[in-house]
Structure formats: structure tokens, C-alpha cells
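Quick one: the structure is below, questions incoming.
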Amino acid sequence: MNKNNKDVTASTSCCSKAKQQPQNDSNESAVLASEHSANQNTLQLIIEGAGCASCVGKIEGALNTIPGVKTAEMNFADRTVMVSGNAAAESLIKAIESAGYNAKLMNQGSESEALDEKEQADLAYYKKLMRHTYIALALGIPLMAYGLMGGAMTVETNAERITWLIIGILTFGVMYFSGRHFFVGAWQSFKNHSANMDTLIALGTGTAWLYSMVVVFAPESVPLMARHVYFEATAMIIGLIDLGLALEVRARGKTSEAIKRLIGLQAKMATVIRDDKEVKIAIEQVLKSDIVKVRPGEQIPVDGVVIEGTTSVDESMLTGEPMPVTKKQDDKVVGGTLNKSGTINFRASHVGKDTALAHIINMVKRAQNSKPPIGRLADVISAYFVPVVMIISIVSALAWLNFGPDPAVAFAMVSATTVLIIACPCALGLATPMSVMVGVGKAAEAGVLIRNGEALQTASKITTMILDKTGTITEGAPKVTDIVLANAMTEKQILQLAASMESGSEHPLAEAIVESALEKDIELLKVENFKALVGRGIEANCQDKSLLFGNEKLMHEKGIDITSFVHKAQALAKEAKTPMYFSIDGVLAAIIAVSDPIKADSISAIKRLQNNNIRVIMLTGDNRETAAAVAKKAGITEFVAEVLPEEKADKVKELQMAGEIVGMTGDGINDAPALAQANVGFAIGTGTDVAIESADITLMRGSLHGLADAIAVSKATLRNIKQNLFGAFIYNAAGVPFAAGILYPFFGILLSPVIAGAAMAFSSLTVVSNANRLRLFKAKDH
């Protein structure tokens, strides 16, 4: 569509009605439209048995082999996988099981039910892990304390053999009750010709236990100095890793707080009027077209249209805008918003999973499940990490056996075990999804809906931001300000003809003219032969008159002499008004000027972008003089005027070719190509559905501060991801040489497997805690 028409002429076909409707109306329809297709065939499954990031690739790979699966994205932090396409749930579960994991379909009822089910599953898993921890540490701590106090951890007499045999059996019990899930996971991976975290832990603890049992049963087969048992290491490692996993489960629950808050906005009960009686029913029982009554202080239960009453509604949960919005007859209300003052009756239009709030929750969940490019890199590294570590472990053991001091066998076993334990890539796998979950949720709280992880990451790198003028920088609600007469007709006569021409149009400028006529009680006339002239204006016949309405280019094209009025049009343009020429029967009759005021906070929001070293460019189809005036008022030094719709996308390409990372912000249908072409497209939530469909990020409120907030959240999230990845990678990279014994030749220090187990658990907790720190982030200069 032609954005040029929107700015310069009053074409009838270039804009959507959504542009003219109240903000909440557009918000609702936009979200519903953008999620319409995505929700059709999307299933979410809970994964059990995924221990580390290398499992992610296996599960996604297994799902992608199923016919009908379009995309499969696993959130390792949340242990869920989102699958879109046409595959049956049974096929998906079977594929996951064949990959060595368990899966079940998440509750397909309400969002609240699904969240409750997930929380209950997490709580049960947490309690189970804590039971495992208590059992393992109950044996491991006394054994370790005994060793630290100088107790003999060797087998030299028959009494010691019997004692350690009993302890070995008890340790086996710990391995069975507390560490069985590691061994089952390792076996499943082995059957699938792969390796994961379970493999490392099972090999490490299993090796320590087997070596110790060899010492107990056949001490003569081991050199005297190497007859040391490591039952305490096996028990402590299992106990500490189970404890780390339990604390991780508890901590990662906090990353879903944004979703919980959104779900918490949903009312549980609704008052409906049936058979002329008020009935209080559960929200799930509200039917489409029900008459719903909402009193002051109550939450609006579902979406609908007001049929009686006037009130003010707090829509901050949807838009981030704190000021209440007045609602009267025919206005739309959105479920989850708060009725502040009067009592209203409205007719339900969307219920259950069709409400705007339900779709917002789904959008946030999908974005939280998606991966930014940096996250996929971590997955690839993790997938190769486990086999590489196993090789390093073997090489380390061989090096100790061949070059180590006595007892070389014991040193080799300790070194190999410690390498396996400390190198577990749990923290590496958690680094990205944890931060994405918190970052996307944080943005949603500010009224910014981020579609996927890639947009979240790219937004942090934007160097140039292109802003559409009308509806983005300006209010998008222009008013007629001047009518300059050029013949003997009166203003009323001119306005009557012009408004009659524009009466069929949905364009903002056209509606401004029609509204001006209606305000003056001017009757509109019948128009014939209406024709839109893209990028120039419109033509029509009315009362046997040939009418033209448009820009200077159109007047020149049709041979209309406007010479004596050009200076007047330019003067109006310099006042940031849009002048349009109106001719009757080939003679200029008037200039009608329309002004679209700049939004109150556009200037400060643009300043925020510029202060963050982002180059801001305004694109508009409006004439140069008007564009210059608006840009100057908005504090923008670069602008491009008289741009046709296709040229907007070309301008984005031009900047990209010059090496810029381009963000494009718009609200009109004609912005869609440029939004799609940009590295990150930002749609104003008050704009059209098509613009939002084409965008990567939707700003649910009309303010450009949402734009600055989105970029700020993006930068904070990427910074958090890098911190997590750096910490996890350094931990793994630095830990392996120490575990292999690099310090021994210099200081005589060989890392204990128990310390490695504790460090591994600590690294995961550090990553989760750092990601949760992002919840405290607040955009500056707001």
C-alpha cells in the first residue's frame, strides 16, 4: 500500500480502518491477527530426562524427522518443547522417547491450568531431588569427614575389607536410589549412540565405585599405595549434583514470573446477564455474545464491546500506559484490564483462548522458547563438548598411568573422574534460555511483545532507526487547520465537495476532512467515477463537476495552474501542515491544509535513541517542506520526504548495504515491506494488523518510548547472556586442565572429584542467579 498517499493525499484505498479505531481495539485485533496462524497447530510438551544442553539438539533433531513438523524449539531452561506443524502428539512423544527421553503433552486447557500443572511437576521434581540429596549426603558427609580427620580410606586388613564392603553396598544403594536417573539417562544416550551430562556423571561416579570395589574384593591386584577407596566421592558427587539440580529447579521458577503475572490478570469469575437475571459464573463458562456486567474495581473478564454505561479502564497491563482510558458505548474492552470507575455492560466478542490476553501470553511463551543466534552457538558447542571431554578424560588417565607418580592407577582414576564431573556443560546450556525467558518477560511487562529470540538479539545491535512519520512520530489523527480559497466559492462549499469525495476513504487525512465537514453539519453529496491516483491524490465527479484533490505533482500532471498559490502552500508546509490542492473543472479552487500533531513524548523518546548513539532517520511520503518542519520539531536531523511505499524498503536496503543494522518503525500497511526488510521491524500496536504481522517486535502502546525500552531490554538481555556464557565457558575451559592435574607437577595439587561435583552444581546456580538478576532491570532515562 502507498504510504505516500497517507501523507500527501487523501486516497480512499491506502489505509486500514484499524488506524482509526481506539487504541485498545487495535491492540486486540493486532495481537489476535498476529497469532492467528501460529496458534493453529502448536503443541507444547514437557520433557523429562534432559540433563544438559547437548540433549536439546537430540530432541529437536528427533522431532524434526517427524512428517508434518514445521518447527521444534526446546527451552532447556524450562524443559519444554514447542512444536508447530500438523504432527500428532502421539508421534511427537514417540519420537522423543526413541531419542532416550520422556515427554508428555502440556495441559491444553487454560493457561492457568497449564501453569499449575507445570508448577506441580516442578515441585514434585524438586522434592524428589531433595530426597535423593538427603540419602546421598547422609552417607557421603560422614565418610568424607572420616577421611578429613585422618581416617584410613585404604584396604589392608580383612576387617577393613568387610567394613568397606558394607560401605560399598550402601554406596551402591545411593547410586540406585539417588543417582539412578544419571545411569538411566546415560544408558539411553548410549543406545542412541550419543553422550550427555548423564554420561559424564555416570562414568565418573561409576568408575570411582567400581575401582573401590576392585580394591575391596581384590586388593592384591592393585599396588599397595593405590588401595584407596572412593565411596565418599561417589556419594558426595551424586548428592551435590542432585542438590544443585534441585536448587536450579527452584531458581528457574522465578524466570516465569512475567507469565505468572499475565495469567494472574485473568479474572476467575464473571457476572453475565441471562434471562434478565445476573448470574455469577466461572470465566470458562462465558459464551460469545453473552452480556457481561462489570462493576467498579472489577477486572474485565473477557473481550467485548460496551453496550451500556461509561467508565475509565486501566489498560496498563496491555499497553504499559498508566493513564486510564475512557470507555463508552461501542468501545471495545479487553479481558484482564481493570474497570476503575463506572458500571458497564458489554457483549462478549472473544472468550477463552481467543482473548487478546490469552494470545499475548502465548506470544510471550513462544518468544521465551525461541533461541537467539548466540544460543544456537552454545547448543552446538555443548553437543561436541561431551565427547571431547570423554576423550580428554581418557588421555588424562593414560598420561597419569604412563608418566604419573605412584600410585599411578589411583591418580589416573581420580584425574579421569574429576575431568568427567567438572566438564559437565550444564551451565553452558542454561546460559542463554534463562536470560531470554527473563528478558522477554521483562519486555512484555513494559508493553513490548518480542516475537522471537533472534529479534531480541538483533535489536541490541541496531545502529540506525528509521521512523515513519504519520502515526509513529505524530498522533496519526490529523485535523483540518486551513482552507485557502482560490475562487468565489465559500469554505463551506469547498469543504462539502472535498468531504464528499473523501467520504468513502479510510485514510487519516480523508477522514480528517470528512470529520471537519460533519462537525459543521455539512451534508455530503453523491460522488461518481471516483479514482485513486497512487502517490498523487484522487479524482471524481460530483454535481457534474470534475474534481481533483491531491499534491502539486497531480496538479502539474493535469495541467492545473497553481503558480500564484505555491508560496502559500509552502508557507503552510513550513508550519508542519500538509497542504493539498483542490481543483474544480480544471481550475484551482482551494488549498486545504491538515495538521497532524507530534505525540507528546516523541521528542524525548527520539532523544533517548540518539543518546544511545542510534542514528535516527524519518521517512515520509509527505512533501519536503512539511517533512522538514516535523523533523525539526521532533529533533531529527535526517529525513527523506516524498517517498513512495516501495522506496521505503529500498531505503532500508541502501542503509543495510552501507553496513548499518537497521530498525524500522511503522504503523501503516504500506510500511509492511520496509518492516519485513529491516533487520528488526517495530510495529506500533495502535497500527494495522498487516504492519504488526510484518514486524519482529510490537509496541503495544503508541509511544516511541516503547521503542527505546525494547532496545534497552534487548541490550541488557544480550549483556546478561554474554556474562552467563563467559562464566560457563571459562568455568569449563579452566576447570578441565585443573581436573586433569596440570597443577600437580608444580604444587602437588590434584583436584578432588567431590570439589568438581560441588563446583559443577555451583556454576549452574550462578548462571540461573545472574539471569534472575535481569528481573531487576529498569530502562534509564524513561
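On a straight-distance basis, which aspartates and glutamates could pair with residue 558 in a cross-link, Cα separation under 17 angstrom, same-chain partners fewer than 8 positions away excluded?
List returned: 539, 585.
Give me the accessible area per residue for region 160-269, probe 1.4 Å, as a whole number in Å².
43 Å²
Per residue Cα convex hull volume for region 389-436, in cubic angstrom?
Numbers: hull volume 2.7 nm³, N = 48.
Given the Cα convex hull of region 389-436, per-residue volume reads 56 Å³.
Please give the helix 602-611 orientation as an angle from the longest Cα principal axis of the chain, in degrees from 0 to 90, rounded to the nearest 10.
On a 0 to 90 degree scale, this one is about 40.
Based on the alpha carbon coordinates of region 469-603, what radius of gyration and maximum Cα-Cα distance (Dmax) apply, in Å?
14.3, 47
So, one more: Just want the answer: with Cβ charges of +1 for Lys and Arg and -1 for Asp and Glu, which residue in 480, 377, 367 is farthest toward the dipole's positive end in region 350-496?
It is 480, whose Cα lies furthest towards the positive end.
Further question on the same structure: Hey, what's the Kirkwood Rh for region 147-207 if you take every pair of different alpha carbons, in angstrom?
Every distinct Cα pair counted, the radius reaches 13.3 Å.
Need one number: convex hull volume per residue for region 651-777, Cα atoms only, in Å³.
With only Cα atoms used, region 651-777 gives 152 Å³ per residue.
Where the accessible area of the chain is counted over protein heavy atoms with a 1.4 Å probe, how much of it, in %, is carbon and sulfur?
The nonpolar share, carbon plus sulfur, comes to 58 percent.
Compare 228, 567, 359, 193 by solvent-accessible area with a 1.4 Å probe and give them largest first, with all protein chains kept in place.
Values: 228 55, 567 120, 359 15, 193 170 Å².
Ranked from most to least accessible, the order is 193, 567, 228, 359.
Starting from the Cα gyration tensor of region 274-378, multiply each eigenvalue by 5, take the square root, and state the resulting semi-axes largest first in whole Å. The partial results should precede the final answer.
Values: eigenvalues 199, 57, 19 Å².
So the three semi-axes of region 274-378 are 32, 17, 10 Å.
Quick check: pseudo-label points 7 Å beyond the Cα along Cα→Cβ at residue 273 and residue 603, how many nm apart are they?
The two pseudo-label positions are separated by 4.7 nm.
Continuing with this model, one more query. Among 720, 489, 262, pick out the residue whose Cα is farthest towards the positive end of the charge dipole of the chain, where Lys and Arg carry +1 and Asp and Glu carry -1 on C-beta, about the Cα centre.
The residue sitting most towards the positive pole is 720.
Rounded to the nearest 10 degrees, what's the angle between the helix 356-369 long axis and the longest principal axis of the chain, both from Cα atoms, 0 to 90?
40 degrees
A follow-up question, please. Could the peptides 63-72, 133-142 be put in order, highest first, of the mean number of other beta-carbon atoms found within 10 Å of their residues?
Those peptides, ordered most packed to least, come out 133-142, 63-72.
I would also like to ask the following. Semi-axes, largest first, in whole Å: what does sqrt of 5 times each Cα gyration tensor eigenvalue give for region 438-542?
Here the semi-axes work out to 43, 15, 13 Å.
Continuing with this model, one more query. Relative contact order (percent) for region 295-404, with alpha-carbon contacts under 8 angstrom and 6 or more residues of separation? Show your work: numbers first, answer last.
Numbers: 164 pairs, mean separation 29.7, N = 110.
Rounded, it is 27 percent for region 295-404.
Work out the charge dipole of the chain with +1 on the Cβ of Lys and Arg and -1 on the Cβ of Asp and Glu about the Cα centre, then indicate which of 394, 411, 422 is farthest towards its positive end.
Of the listed residues, the answer is 411.
Could I ask something else about it? In the structure shown, do any of 545/574; 58/191; 365/715; 492/526; 288/442 have a Cα-Cα gap over 22 Å, and if so which?
Working: 545/574 32 Å; 58/191 13 Å; 365/715 20 Å; 492/526 16 Å; 288/442 32 Å.
In this structure, 545/574; 288/442 exceed 22 Å between Cα atoms.
Take residue 743 and residue 574, extend 7 Å from each Cα along the Cα→Cβ direction, and tell me the distance between the two endpoints in nm.
Distance between the two pseudo-spin positions: 7.7 nm.
Can you tell me the alpha carbon radius of gyration of the chain divided by the globular rule-of-thumb value 2.2 N^0.38 Å?
That works out to 1.22 for the chain.
Same structure again: Between Rg and the Kirkwood Rh of region 565-722, both from Cα atoms, what is the Rg to Rh ratio?
Expressed as Rg/Rh, it is 1.03.
Measure nothing fancy, just the Cα-based angle from helix 491-502's long axis to the longest principal axis of the chain, in degrees from 0 to 90, nearest 10.
50 degrees
Using Cα-only point scatterers and the Debye equation, what is log10 of I(q)/I(0) for region 723-778 at each q in 0.20, 0.22 Å⁻¹, rounded to two decimals?
Normalising to I(0) and taking log10 leaves -0.76, -0.85.
For region 204-363, take the alpha-carbon Rg, divide it by the Kirkwood Rh, and send me Rg/Rh. Please report the intermediate quantities before stating the final value.
Details: Rg = 29.9 Å, Rh = 19.9 Å.
Over the Cα atoms of region 204-363, Rg/Rh equals 1.51.
Work out Dmax and Rg for region 190-250 from the C-alpha atoms and quote the Rg first, both in angstrom.
14.8, 47
Let me know the Rg and Dmax you get for region 519-574 when you use only its Cα atoms, in Å.
Just the Cα atoms of region 519-574 yield Rg and Dmax of 13.6, 35 Å.
The values are calculated or read from the model by the stated rules, or taken from the named source; none is laboratory data. Being a predicted model, the structure only gives us computed values, none of them experimental. Cβ atoms come from the backbone with ideal geometry, glycine included; neighbour counts cover every protein chain shown. Accessible surface is based on the protein model in full, side chains and every heavy atom, while ligands, DNA and RNA are left aside. Shrake-Rupley method; radii C 1.70, N 1.55, O 1.52, S 1.80 Å.
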